1. Considering every residue within the range 218-226, establish whether at least one is hydroxyl-bearing (S, T, Y) and free of Cβ contacts under 8 Å to residues at least 40 places away in the same chain.
2. Return the residue satisfying two criteria in turn: it lies in the range 143-161 and is loosely packed, with under 15 Cβ neighbours inside 10 Å and closer than 22 Å to L97 by Cα, and of such residues it is nearest to the chain's Cα centre (by Cα).
3. Report, by residue number, each residue of the range 325-341 that is open to solvent by 70 Å² or more (accessible area, probe 1.4 Å) and not in a helix (DSSP H, G or I).
4. Scan the range 166-200 residue by residue and report those that are assigned to a helix (DSSP H, G or I) and in contact with a Gly (Cβ under 8 Å, 6 or more places away or on another chain).
5. What are the pairs with Cβ atoms under 8 angstrom where one residue, in the range 153-171, is without any contact (Cβ under 8 Å) to a residue 24 or more places away in the chain and the other, located anywhere, is among the hydroxyl-bearing types (S, T, Y)? Sequence gap at least six, or different chains.
6. Among the numbered criteria (1) open to solvent by less than 20 Å² (accessible area, probe 1.4 Å); (2) touching a His at 6+ places or on another chain (Cβ under 7 Å), which single criterion is violated by L209?
7. Conditions first: (1) open to solvent by less than 60 Å² (accessible area, probe 1.4 Å); (2) at pLDDT below 85. G231 passes all but one, so which condition is the exception?
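The values are calculated or read from the model by the stated rules, or taken from the named source; none is laboratory data. Computed from a prediction, not measured in an experiment: that's the story for all the values here. FYI the Cβ positions are ideal-geometry reconstructions off the backbone, even for glycines, and counts take in every protein chain you see. Just so you know, the surface numbers come from the protein's heavy atoms only, side chains and all, with ligands and any DNA or RNA stripped out. Shrake-Rupley method; radii C 1.70, N 1.55, O 1.52, S 1.80 Å.
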Amino acid sequence: MTVFDKSEDLASGGEVDTDEEDRMPEPNTTVTVPDVASGGSRSRSLRGVLDAFAARYALLGVWLVMAAVYGGVMPGKFLGTSTAQAIFGSQSALLFLAVAALCTFVIGEFDLSSASSMGLSATIIPVLVTLHDVSLWLACVIALLAAVSCGLINAFFVVVVGVPSLICTLGTASLFLGIAELISSSTIVSVSSHGFSEFAEHNLLGLPLSFFYGLALCLGFAYVLSWTPIGRHITFVGANREVARLAGISVDRIRAGGYVVASLIAGMAGIILVATVGGFDPTASATYLLPALAAVFLSTAIVRPGQFNPIGTFFGVYFLETGILGLQLLGYSGWVQDAFYGVGLLLAVTVASLVRARAKTS
């Protein structure tokens, strides 16, 4: 500040105050100035790194703490290989369904009919095999085609006609459920095939094959989103549809494709479900929707904060299952599952909102 004042005096032709000049340091004098600015910068940088790490992995930390609490309270029940197998080996169909829902969330859409598409697919297989003597694998193909048809119906009404996705998929969810009940006469249908069961339940490294199908699906989805041009277009459409359209991206084609792929993956979930349990009750479709949506919203608090992502969805599904299994082992059953999924969904949406708000203000 002193040097600046002198420069002004010189520029204006004024005389320099000799007393003030005497207070100037000698040219060869070394003045040590505390590096306050850089220290503050380093502090802010470290805090930013810690905040970013917490935003990415805090939920995984909560998962570990939850598992540690369950292990401490009931070490004989919870700490064991069988518990890990129960957590990771029983939710493959739900993981597929969550990824199906994720397909529309990443493009900024909703699909509340994915559970019903899964239920329709899971109903068609045993109905065709048991009641109409269709071969098992042909029935699976027909089930997938039916699921794709569900996606095409959603895409037509949302993308072509312009019906809001929330309203459209709410209506088609009821439609698909009604069709499933119609073809099954509202009864539980089942199919028995050792080879079909092995397709999902064959043991590999202590876990069923269906777990690895789900893991491969999530890794493949993450690769497509992060490393391919179509993945970048999908992310662009989900972030800002109008800007993506002005950039030359075929927004409507991506939106329609999202619905079709979502229904196809939901159909796969139905196949895995039938292969795992040997049948399906069409009226149970709706019970799968809430946990799938909870896992998708939880993904915004894992790995890529504020963004729907497949790896976060993978962890979200098993985070929820760990919490529910622990409560069931403690003796809570029945209502606890719905209550935990509801609380999980509320927390997931809250965390997602907070993360997005913080990202906008930072």
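1. Of all residues in the range 218-226, those hydroxyl-bearing (S, T, Y) come to 223, 226.
Next, only the ones that are free of Cβ contacts under 8 Å to residues at least 40 places away in the same chain stay: 223, 226.
Yes.
2. Here the answer is L152.
3. From the range 325-341, those open to solvent by 70 Å² or more (accessible area, probe 1.4 Å) are 328, 330, 332-333, 335, 337-338; that's our starting set.
Result: L330, Y332, S333.
4. Residues of the range 166-200 assigned to a helix (DSSP H, G or I): 166-184, 194-200.
Within the range 166-200, F176, L177, A180, S197 meet the criteria.
5. I153/T172; F157/T172
6. (1)
7. (2)
For every residue, the table says whether it meets (1) at pLDDT 80 or above; (2) more than 29 Å from L144 (Cβ to Cβ); (3) open to solvent by less than 10 Å² (accessible area, probe 1.4 Å).
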{"position": "R253", "(1), (2), (3)": "yes, no, no"}
{"position": "M268", "(1), (2), (3)": "yes, no, no"}
{"position": "V277", "(1), (2), (3)": "yes, no, no"}
{"position": "R304", "(1), (2), (3)": "no, yes, no"}
{"position": "G323", "(1), (2), (3)": "yes, yes, yes"}
{"position": "L354", "(1), (2), (3)": "no, yes, no"}
{"position": "K360", "(1), (2), (3)": "no, yes, no"}
